[in-house]
Amino acid sequence: MFKAIDLQTALFGPVSFEVAAGECLVLRGPSGSGKSQLLRALVDLDPSEGEVWLEGVERRAMPVTAWRRAVGLLPAEAAWWYETVGEHFPDPQAVDVAALGFEGAVMDWEVPRLSSGERQRLALLRVLANRPRVLLLDEPTANLDDDNAARVETLVREYLKAHDACALWVSHDPAEVRRMADQVLALDARGEGQAA
């Protein structure tokens with residue numbers, strides 16, 4: 001179980017929710033409503049008020065590094081800091097790149113040659129390599145064609161089931177929301193959350 005109680009910053013909130021293992025909570029709302037800021041607060045990148053709990057342990061009771069391994073954030077634009085793709089993975093040979101339409105040689109590719117969609121899919125694999133209990137996914141299919149978006153959706157669903165994990169998924173696509181959401185949390189223009 002992953003939950004927030006009255007979580008807020010100057011940019012959003014208060015927001016409260018609970019997500020069980022295996023579930024996907026989709027975050028919706030207009031641009032500027034605080035969806036990305038909510039994800040950053042949940043992973044403890046930005047200061048916030050309120051409580052966040054993972055499997056009965058409050059965020060403040062865990063070292064930040066342990067929390068960020070357990071709660072994995074995929075931002076809308078992930079950072080890349082090494083020259084090749086494989087250098088970003090603890091064990092490149094253990095990554096199932098075929099699940100997202102790649103061949104093993106992708107680990108030798110130089111990062112500048114990647115398209116935005118390739119970066120997005122590989123960044124998801126990088127997050128999953130840490131085996132988080134919670135996935136925070138900020139529009140993970142925004143730059144993808146239908147086939148690759150479907151691969152991402154399938155991989156996330158399989159991951160949640162196989163690892164008793166849960167996900168918060170930001171989406172503006174109504175069809176994607178219908179496919180992925182076990183719950184929906186809608187943020188209004190003031191950044192206040194309402195379960196829908």
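Read-outs throughout are calculated quantities, based only on the coordinates presented, and are distinct from any laboratory measurement. Quick caveat, the model's predicted, so the values are computed rather than measured. With ideal geometry, Cβ positions are generated from the backbone for all residues, glycine too; neighbour counts draw on all protein chains shown.
The table below lists the values:
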{"item": "Candidates GLY29, GLY56, GLY13, GLY22 - the one that is more than 16 Å from the chain's Cα centre (by Cα), surrounded by fewer than 17 Cβ atoms within 10 Å (Cβ to Cβ), more than 16 Å from ASN130 (Cβ to Cβ) and touching a residue at least 12 places away in the same chain (Cβ under 8 Å)", "result": "GLY56"}
{"item": "Within the range 138-156, tally of residues that are of a type outside the set (Val, Ile, Thr) and in contact with a Ser or Thr (Cβ under 6 Å, 6 or more places away or on another chain)", "result": "3"}
{"item": "Test: residue in the range 147-164 that is part of a strand (DSSP E or B) and small (Gly, Ala, Ser)", "result": "no"}
{"item": "Residue identified as surrounded by fewer than 18 Cβ atoms within 10 Å (Cβ to Cβ), under 30 Å from GLU55 (Cβ atoms) and in contact with a helix residue (DSSP H, G or I) (Cβ under 7 Å, 6 or more places away or on another chain) among ALA186, ALA162, ALA99", "result": "ALA99"}
